[in-house]
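**Q** Structure incoming, see below.
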Amino acid sequence: MDSVLAEVGGSFMAAIQATVQHFAGVEVSLAQIAAYKKAGGWNNDWLLSQKLIVDLGKREVPYAEVVAAFQRFFFGTDEVEGLILRETWIPESGLLERLAERYALAIFTGRTRDELGPTLRRFAPTIEWSITITEEDVASSKPAPDGLLAIAAAHPASELIYVGDNVDDARSARSAGVRFIGVSEGDEELAALLRTDGAEAVVESVNQLEALL
């Protein structure tokens, strides 16, 4: 979902920055966030925020407090607009509609269902997803393969191809025995990491996916 279908620099990444600033009083750059993501194991932005507060601010903050603050920034309050409204949609007009004519489209995301729904309703209201797997639907988060195995179970006669933008996506696909295509957003270091973790191909944008398939 994130950085494949939705551009989240102004939403999830900004919420990490705001949460760390709130608790630790320090600024964290997008490059610093990306470095943690490239190392793997930090697909959960709440856990990553908590980790950055410790590493950069030398503060221990209970996980529940980190989550509550993050969600206030992400969804907003009566006084402040939520960062979720800063998201933009990456697929070009008609791309998903054309793909849906040939393939069953599914989503496996680290978002919660409350985080997923508004973005899909806003940008892709006419797309019929065969199944959507969110953070609440799996016993173990990425890079565990739980979500992909659930999608495979729902489509027992189909071959799966998973499209993702980070090493946890690649490792999840490898554990599930699912073919993987990486999305690098032009980051050559990330592209190399995705290939190392099993990507059959790496594209800069989901808009190159149709031709590749």
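**Q** Need pairs with beta-carbon distance below 8 Å; first residue touching a residue at least 60 places away in the same chain (Cβ under 8 Å) and closer than 18 Å to Ala192 by Cα and within the stretch 28-43, second part of a helix (DSSP H, G or I) and open to solvent by 50 Å² or more (accessible area, probe 1.4 Å); sequence gap 6+ or separate chains.
**A** Lys38/Glu189; Lys38/Leu193; Gly40/Arg171
**Q** Could you look through the stretch 161-213, keep only residues that are in contact with a strand residue (DSSP E or B) (Cβ under 7 Å, 6 or more places away or on another chain), assigned to a loop (DSSP other than H, G, I, E, B) and without any contact (Cβ under 8 Å) to a residue 24 or more places away in the chain, and pick out the one that is farthest from Trp89 (Cα to Cα)?
**A** Only one residue fits best here, namely Glu200.
**Q** Additional query: What residue, among those in the stretch 66-110 that are of a type outside the set (A, V, I, L, M, F, W, C) and in a helix (DSSP H, G or I), is nearest to Ile127 (Cα to Cα)? Let's see the steps before the verdict.
**A** Narrowing the stretch 66-110 to residues of a type outside the set (A, V, I, L, M, F, W, C): 71-72, 76-79, 81-82, 86-88, 91-94, 97-98, 101-103, 109-110.
With the extra rule that they be in a helix (DSSP H, G or I), the set shrinks to 71-72, 86, 97-98, 101-102.
On the way: Gln71: 27, Arg72: 29, Arg86: 21, Glu97: 7, Arg98: 10, Glu101: 11, Arg102: 13 Å.
Taking the candidates together, the pick is Glu97.
**Q** I'm trying to understand the selection: among the residues of the stretch 115-156, which are open to solvent by less than 30 Å² (accessible area, probe 1.4 Å), hydrophobic (A, V, I, L, M, F, W, C) and in a loop (DSSP other than H, G, I, E, B)?
**A** Ala124, Ile127, Val138, Ala144
**Q** A further question follows. So, Leu83, is that one of a type in the set (A, V, I, L, M), buried (at least 17 other Cβ atoms within 10 Å of the Cβ) and closer than 24 Å to Ile16 by Cβ or not?
**A** Values: of a type in the set (A, V, I, L, M): yes; buried (at least 17 other Cβ atoms within 10 Å of the Cβ): yes; closer than 24 Å to Ile16 by Cβ: yes.
So Leu83 passes the test.
**Q** Against the definition (within 16 Å of Leu212 (Cα to Cα), aliphatic (A, V, I, L, M) and out of contact with any Phe, Trp or Tyr (no Cβ under 7 Å at 6 or more places or on another chain)), how does Leu194 come out, yes or no? Before the answer, list the steps.
**A** Values: within 16 Å of Leu212 (Cα to Cα): no; aliphatic (A, V, I, L, M): yes; out of contact with any Phe, Trp or Tyr (no Cβ under 7 Å at 6 or more places or on another chain): yes.
The answer is no for Leu194.
**Q** While we're on this one: Working carefully through the options Gly57, Gly25, Gly82, Gly117, find the one that is small (Gly, Ala, Ser), touching a strand residue (DSSP E or B) at 6+ places or on another chain (Cβ under 6 Å) and more than 24 Å from Ala170 (Cβ to Cβ). Lay out the reasoning, then the answer.
**A** On the way: Gly57 fails: touching a strand residue (DSSP E or B) at 6+ places or on another chain (Cβ under 6 Å); Gly25 fails: touching a strand residue (DSSP E or B) at 6+ places or on another chain (Cβ under 6 Å); Gly117 fails: touching a strand residue (DSSP E or B) at 6+ places or on another chain (Cβ under 6 Å).
Only one candidate qualifies: Gly82.
**Q** Moving on to the next point. Would it be correct to say that Val26 is surrounded by fewer than 16 Cβ atoms within 10 Å (Cβ to Cβ), part of a loop (DSSP other than H, G, I, E, B), at pLDDT 95 or above and of a type in the set (A, V, I, L, M, F, W, C)?
**A** Numbers: surrounded by fewer than 16 Cβ atoms within 10 Å (Cβ to Cβ): yes; part of a loop (DSSP other than H, G, I, E, B): yes; at pLDDT 95 or above: yes; of a type in the set (A, V, I, L, M, F, W, C): yes.
In short, yes.
**Q** Would you confirm whether any residue within the stretch 168-189 is at negative phi, open to solvent by 20 Å² or more (accessible area, probe 1.4 Å) and touching a Lys or Arg at 6+ places or on another chain (Cβ under 6 Å)?
**A** Among the residues of the stretch 168-189, not one is at negative phi, open to solvent by 20 Å² or more (accessible area, probe 1.4 Å) and touching a Lys or Arg at 6+ places or on another chain (Cβ under 6 Å), which makes the answer no.
**Q** Hey, another quick one. Would you point out which residue out of Ala34, Ala18 is more than 24 Å from Ser140 (Cα to Cα), of a type in the set (Gly, Ala, Ser) and assigned to a helix (DSSP H, G or I)? Spell out the reasoning first.
**A** Numbers: Ala34 fails: more than 24 Å from Ser140 (Cα to Cα).
After applying the criteria, what remains is Ala18.
The values are calculated or read from the model by the stated rules, or taken from the named source; none is laboratory data. All values derive from a computational prediction rather than experimental measurement. Here the Cβ is made from the backbone with ideal geometry for all residues, glycine too, and neighbour counts use every protein chain on show. The accessibility values were calculated without ligands, DNA or RNA, using every heavy atom of the protein model including side chains. Shrake-Rupley method; radii C 1.70, N 1.55, O 1.52, S 1.80 Å.
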